[in-house]
């Protein structure tokens, strides 16, 4: 009954909070987790709500196969890498809308640009997924799904404060009536912060003649969506997300690394979607018009110069997706997409001598895509999928990708065997192609080939799941900066070229087990990763061989929960080719929640209780022992 109902839901962004055993990102349609051949992790809205409002990056640490780097605390550039691939090779979606930033050099997504609002769930799909999502999905896909309105109107407000003069606010309202549904949320956070450069790094602080100056951050974001049933067979949705992030930062260049620089980033995305069930319910047609925009302005300041730069990146797209039920022959998903990307940048100087604002980049491109995915179930328990996609981006070679998956369910033992194999591709960014100094219009797309296999096992009388996945990826045509390549423009000291190859492989282990019902729950994620430059044999930077998180949830009484969690990472190279390593670390956090009555609850967080000193990026500090507390009202 649940499966047939889910087939009536819209693609890629449906409300699944009440059906946690289903995902949508794996195949662009609702799918039971046990039928997914690809490795996928779901981070629930409940877990997200318990996290700090200052960063969504910390929430993503709950997923295996994923590493996060944050440039010196909240508001600093935050990037995510899946299975050892680059941040630019991870596709990020918000409610099915592509939000990778065309104005960044490699087209990656900066997670500091979003504030956790009323997020219903995050699905992390690992492995090459370009066959269904196109460019950028080499390492995988992260789909952030905001809340859908349903049922009786509900609302909540939460406020908190704590260390580093941190203050946070969250508010949300959602519900439905008749054929109308709605959900709106707002979130803000600001902090006096600490110096991004050198904070709690002894060898730097000891050499300073004066104290490091703190770098403050202020952020606000909001999301909203409205759904309307136009008829029994047709539904219309509109939604979007917007944020403003103001952050001070340090350039970290000698001889003045601790600078009074500042960045302002405005980000937004939105969509309008029409879903129609035709042919007696056999064909679902979805038409989506979407867009995203990024506006960044930087003021780089040090005693010798004052430079202002601005970066604008926009993406507009229109897409049709059809989902055709073939009865016993399965489900056929097909579609076509048109996308336009633009990138523009300007700079002006005040010191050492004023110059007028000048344009440094103005580029755009169109991409046309078509894809096909067939899913079928054989012998009741064998779930197969195979699909492919062609992407035709202007002025670069057309590229094709494919993917096949299999999942075999063994009902008697509660086990699911999974495997997937496929290719990924990433088109060169507009900056890499067309920057007047360093661009190279002769660049080819990056490519990958990946395979994984694993098993999910239900345990403790179906009260939890253990999983293990082994994976391997081969990447070629990687784009990197090369000094003095003959393909560079005359007079340039270097440019981007296709010269890299890399190999990544490893094992992902996870657990989510209700060990003692209503008293103790265990969640754990661990990744063993080997990531090397295939040309030099050197380990790729900032990727630990061992990375993990283990969290416990104690419920000693009905209205009280206590949740300690430990994040750990072994040593890893700070930069490719440099002998210096970032040391290992372990960070212990504790979250507590006490429900006062049906409306109010008090909560508190203690972060980095042991005051561990560690770095995610060389010479950039991280927060010390921190405490936060707040009050939440729900009605």
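The values are calculated or read from the model by the stated rules, or taken from the named source; none is laboratory data. As the structure is a prediction and not an experimental result, all values here were calculated from the model. When we count neighbours, we look across all protein chains shown, and the Cβ atoms used for this are built from the backbone with ideal geometry, even at glycine.
Only one entry of 540, 552 meets the criterion of being out of contact with any helix residue (DSSP H, G or I) (no Cβ under 9 Å at 6 or more places or on another chain) and at pLDDT below 95, and that entry is 540. Looking at 51, 55, just one residue is out of contact with any strand residue (DSSP E or B) (no Cβ under 7 Å at 6 or more places or on another chain) and at pLDDT below 95, and that residue is 51.
Touching a helix residue (DSSP H, G or I) at 6+ places or on another chain (Cβ under 8 Å) and either touching a residue at least 12 places away in the same chain (Cβ under 8 Å) or part of a strand (DSSP E or B) (or both), is that true of residue 377? Criteria met by residue 377. Could we say that residue 113 is within 26 Å of residue 309 (Cβ to Cβ) and in contact (Cβ under 8 Å) with a residue 40 or more places away in the chain here? When the stated conditions are applied, residue 113 passes them.
Considering only residues that are surrounded by fewer than 24 Cβ atoms within 10 Å (Cβ to Cβ) and farther than 14 Å from residue 469 by Cα, look in region 406-424 and name the one that is nearest to the chain's Cα centre (by Cα). Looking at the filtered set, the residue picked out is 423. The residue that is farthest from residue 160 (Cα to Cα), among those in region 46-63 that are assigned to a loop (DSSP other than H, G, I, E, B) and under 13 Å from the mean Cα position of the chain (by Cα), is 63.
Considering 273, 308, 296, the condition of being more than 18 Å from residue 102 (Cα to Cα) and crowded, with 18+ Cβ neighbours inside 10 Å is satisfied by 273 alone. Look through 66, 16 and report the one residue that is on the phi < 0 side of the Ramachandran plot, crowded, with 20+ Cβ neighbours inside 10 Å, at pLDDT 90 or above and touching a strand residue (DSSP E or B) at 6+ places or on another chain (Cβ under 6 Å). Selected residue: 66, the only one of 66, 16 that is on the phi < 0 side of the Ramachandran plot, crowded, with 20+ Cβ neighbours inside 10 Å, at pLDDT 90 or above and touching a strand residue (DSSP E or B) at 6+ places or on another chain (Cβ under 6 Å). On inspection, residue 87 passes the criterion of being over 22 Å from residue 191 (Cα atoms), within 12 Å of the chain's Cα centre (by Cα), crowded, with 24+ Cβ neighbours inside 10 Å and without any contact (Cβ under 8 Å) to a residue 24 or more places away in the chain.
One residue alone among 211, 232 is more than 30 Å from residue 629 (Cβ to Cβ), without any contact (Cβ under 8 Å) to a residue 60 or more places away in the chain and either surrounded by fewer than 14 Cβ atoms within 10 Å (Cβ to Cβ) or out of contact with any strand residue (DSSP E or B) (no Cβ under 8 Å at 6 or more places or on another chain) (or both), and that residue is 232. Number of residues in region 535-560 that are crowded, with 19+ Cβ neighbours inside 10 Å and not in a loop (DSSP other than H, G, I, E, B) equals 6. Under the condition of being assigned to a loop (DSSP other than H, G, I, E, B) and touching a residue at least 24 places away in the same chain (Cβ under 8 Å), which residue from region 384-406 is farthest from residue 373 (Cα to Cα)? The qualifying residue farthest from residue 373 (Cα to Cα) is 395.
Among the residues of region 248-265, how many are in contact with a helix residue (DSSP H, G or I) (Cβ under 7 Å, 6 or more places away or on another chain) and at pLDDT below 90? Total meeting the criteria: 0.
Inspect all residues belonging to region 459-471 and state whether any of them is more than 22 Å from residue 37 (Cα to Cα) and touching a helix residue (DSSP H, G or I) at 6+ places or on another chain (Cβ under 9 Å). No, region 459-471 contains no residue that is more than 22 Å from residue 37 (Cα to Cα) and touching a helix residue (DSSP H, G or I) at 6+ places or on another chain (Cβ under 9 Å). When every residue of region 131-150 is checked against the conditions, none turns out to be at positive phi, at pLDDT below 95 and surrounded by fewer than 24 Cβ atoms within 10 Å (Cβ to Cβ). Against the test of being farther than 30 Å from residue 496 by Cβ and at pLDDT below 95, the options 397, 380, 362 yield a single qualifying residue, 380. Among the conditions (1) crowded, with 18+ Cβ neighbours inside 10 Å; (2) under 23 Å from residue 91 (Cα atoms), the only one that residue 453 does not satisfy is (1). The strands (runs of 3 or more DSSP E) found wholly in region 420-534 and carrying at least 2 residues that are modelled with pLDDT of 95 or more and closer than 23 Å to residue 133 by Cα occupy 446-459, 464-483, 494-516. Which one is farthest from the chain's Cα centre (by Cα), of the residues in region 241-260 that are crowded, with 19+ Cβ neighbours inside 10 Å and closer than 30 Å to residue 184 by Cα? Taking the candidates together, the pick is 248.
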